[in-house]
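The values are calculated or read from the model by the stated rules, or taken from the named source; none is laboratory data. Note that the coordinates shown come from a computational prediction; the quantities given were computed from them, not determined experimentally. Reconstructed Cβ throughout: ideal geometry from the backbone, glycine too, with neighbour counts over all protein chains shown. Remember, those area values only see protein heavy atoms, side chains included, never the ligands or the DNA or RNA. Shrake-Rupley method; radii C 1.70, N 1.55, O 1.52, S 1.80 Å.
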Amino acid sequence: MNAMPRKRVAALISGRGSNMLSLMAAARQPDYPAEIALVLSNKVDAPGLATAREAGIATAALSHKDHPTREDFERAMQAILDEHKIDLICLAGFMRLLTPWFVEQWQGRMLNIHPALLPSFRGLHTHERALEDGVKIHGATVHFVVPEMDAGPIVAQAAVPVVDGDTPATLGARVLAQEHVIYPLALKLVASGATRIDGNRVITGEQASDHVLVAPTPV
Ligand code: GRF
């Protein structure tokens, strides 16, 4: 029997692309159910584009500034995604709000990573806000994208402790290390067909420990 074809994934980025790299590294494993077939950026000078090119991955840069409306930009993006026969999208630091039109095209087939334990700290500056609010546990979330920003069924989460003396930078680095673990894990679950969306919940049929990570307190 033939193995299931690997899902063709587009990583959408706007910046350094460290999450994109973690997905690329995972996809190098022969039994991983997805390949990173395209890296698309809305910033022509995103450092992640050069990294992807060096790794031999197809890239596209499409400045939203060249398109009069948000939807024009997205239609151009959609044409590129079609051309590359993309099955799944992973938003990986893509700093552009998407219209309901685009999100609906990709319903159940588009993931995002957010640097907080959703539904806490939607939006920007999550590490600063977590420190301001004095939470003791912070983290990251991979979720399906819905029209509302930083909402949608959660596939995987990682929790990290907040420790005395943390700054947004030290806390952010602790969270980022876990992002690099849970994004490949979540994509694996989705690409292999292991996930089912039930309302706001993602049913994985896996052990909780496979998609919920708690990082140890740093020493
Ligand atoms: C990450 O913190 C991610 O959670 C957020 O944007 C940042 C992107 O970082 N959505 P990178 O470009 O993947 O390094």
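Which one of Pro47, Pro153, Pro68 has the biggest mean-square fluctuation once the chain is modelled by GNM with Cα springs under 10 Å?
Of Pro47, Pro153, Pro68, the Gaussian network model singles out Pro68 as fluctuating most.
Over segment 47-178, with every protein chain in place, what whole percent of the accessible area is carbon and sulfur at 1.4 Å, could you tell me?
With neighbouring chains kept in place, the figure for segment 47-178 is 54 percent.
Estimate the FRET efficiency between Asp66 and Arg16 by the formula 1/(1 + (r/R0)^6), using the beta-carbon distance for r and 25 Å for R0, to the nearest 0.05. Kindly include the intermediate steps, with their values, before the conclusion.
Working: r = 23 Å, r/R0 = 0.91.
That pair, Asp66 with Arg16, gives E of 0.65.
Are any of the pairs Lys43/Lys85; Lys65/Lys136; Lys7/Lys43 more than 29 Å apart by Cα-Cα distance, and if so, which?
Long pairs (Cα-Cα over 29 Å): Lys65/Lys136.
Just need the relative contact order of segment 6-123 here, percent rounded to a whole number, with Cα pairs under 8 Å and 6+ apart.
Reported relative contact order: 30 percent.
Normalising by the residue count of segment 143-212, find the relative contact order in percent from Cα pairs under 8 Å and 6+ residues apart.
Rounded, it is 35 percent for segment 143-212.
If you roll a 1.4 Å probe over the heavy atoms of the protein chains, what accessible area per residue do you get for segment 125-176, in Å²?
Values: 2230 Å² over 52 residues.
Value for segment 125-176: 43 Å² per residue.
Just from its helices, what would the mean residue ellipticity at 222 nm be for the chain, if runs of 4 or more DSSP H residues each count -39500 (n - 2.57) and the sum is divided by every residue, rounded to the nearest 500 deg cm²/dmol?
About -10000 deg cm²/dmol.
Where both partners of a DSSP beta bridge lie in the chain, what percent of those bridges are antiparallel, to the nearest 5?
DSSP beta bridges in the chain are roughly 40 percent antiparallel.
Taking the solvent-accessible surface of protein heavy atoms with a 1.4 Å probe, what is the per residue accessible area of segment 1-71 in Å²? Kindly include the intermediate steps, with their values, before the conclusion.
Values: 3790 Å² over 71 residues.
Ligands and nucleic acids excluded, the result is 53 Å² per residue.
Given a 1.4 Å probe and the protein chains all in place, what does the accessible area of Arg53 round to, in Å² to the nearest 10?
Estimated to the nearest 10 Å², Arg53 gives 130 Å².
Run the quick spin-label model on Leu131 and Gln78: label points 7 Å from Cα toward the beta carbon, then report their separation in nm to one decimal.
A separation of 4.2 nm, rounded to one decimal place.
Between segment 54-75 and segment 102-177, how many Å separate their Cα centres?
25
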